[in-house]
Amino acid sequence: MMNRRIFLAGSALTLAAVPLVMSIRSTLAAAGSFPVTHTADEWRKLLTPEQYNILREEGTEYPGSSALLNEHRKGTFSCVGCDQALFSSETKFESGTGWPSFWAPLTNAVGTVRDTTLGMVRVAVNCARCGGHLGHVFDDGPKPTGLRYCMNGAVMKFRPVSA
């Protein structure tokens, strides 16, 4: 049975951690300067709540929830925040993770930053134009790069190649 002292100490630690996590997330979103910038209120008007959470607060979508997961046409995947072309369908592959995955971004389309949130060391991927969080990159992908860009489909839009 939990006593009052343990409950209060646990509550205090939890409340203390929230600003730290939010501070880390704000730092990741603000890292660097980008050609496309908006205030938080402007971003909220431009994006859905889910897109804002992912793109501006480094959130993530539920695995298997993105319509882009099963997008197999030829075309380009772009950032919903600024329309930056990010990935070609030529580099998309089925990773089995529940998120759209690519083995390479388009040239100069994305940036990366070390992400130590949630007690893990990962590499976060951001849009090079607006700095928005897109997902993470891992070194367990297919040839030729060996990389897996595991992206949140909610913050990308797909443009098929015109026939």
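FYI, it's all coordinate maths here, none of it is from the lab. This is a predicted model, so every value here is computed, not measured. Here the Cβ positions follow ideal geometry from the backbone for every residue, glycine too, while neighbour counts run over all protein chains shown.
Sorting check: for 100-109, 70-79, 85-94, which peptide has the highest mean count of neighbouring beta carbons within 10 Å, and how do the rest follow?
Numbers: 100-109: 19.5, 70-79: 15.9, 85-94: 17.4.
The densest-packed peptide leads the list: 100-109, 85-94, 70-79.
List the residues, sorted by chain then number, that are 5 or more residues from residue 87 or on another chain and whose placed amide H is less than 5 Å from its amide H.
Answer set, sorted by chain and number: 77, 106.
Give the distance, in whole Å, between the Cα centre of the stretch 139-163 and the Cα centre of the stretch 27-102.
About 11 Å separates the Cα centre of the stretch 139-163 from the one of the stretch 27-102.
Taking amide H positions as placed 1.01 Å from N in the peptide plane, with prolines and chain starts having none, which residues 5 or more places from residue 147, or on another chain, fall under 5 Å of its amide H?
141
With θ set to phi - 60°, apply the Karplus curve 6.51 cos²θ - 1.76 cosθ + 1.60 along the stretch 66-82 and write out the HN-Hα couplings as whole Hz, x wherever there is a Gly or Pro.
7, 5, 6, 4, 9, 7, 10, 6, 6, x, 10, 9, 10, 6, 6, x, 9
Under 17 Å Cα to Cα from residue 157, which aspartates and glutamates show up? Leave out anything in the same chain fewer than 8 places away.
50, 61, 71, 83, 90
Give the long-range amide H neighbours of residue 136: residues separated by 5 or more places, or on another chain, with amide H under 5 Å away, using H modelled in the peptide plane at 1.01 Å from N.
Under 5 Å from the amide H of residue 136: 125, 150.
Could you give me the ³J(HN,Hα) list for the stretch 46-54, computed from phi with Karplus coefficients 6.51, -1.76, 1.60 and θ = phi - 60°, whole Hz, x at Gly and Pro?
Couplings: 7, 10, 6, x, 5, 4, 4, 4, 6 Hz.
Short version: ³J(HN,Hα) in whole Hz for each residue of the stretch 37-42, in order, from phi by Karplus 6.51 cos²θ - 1.76 cosθ + 1.60 (θ = phi - 60°), x for Gly and Pro, what are they?
Taking θ as phi minus 60°, the curve returns 9, 8, 6, 4, 5, 5 Hz for the stretch 37-42.
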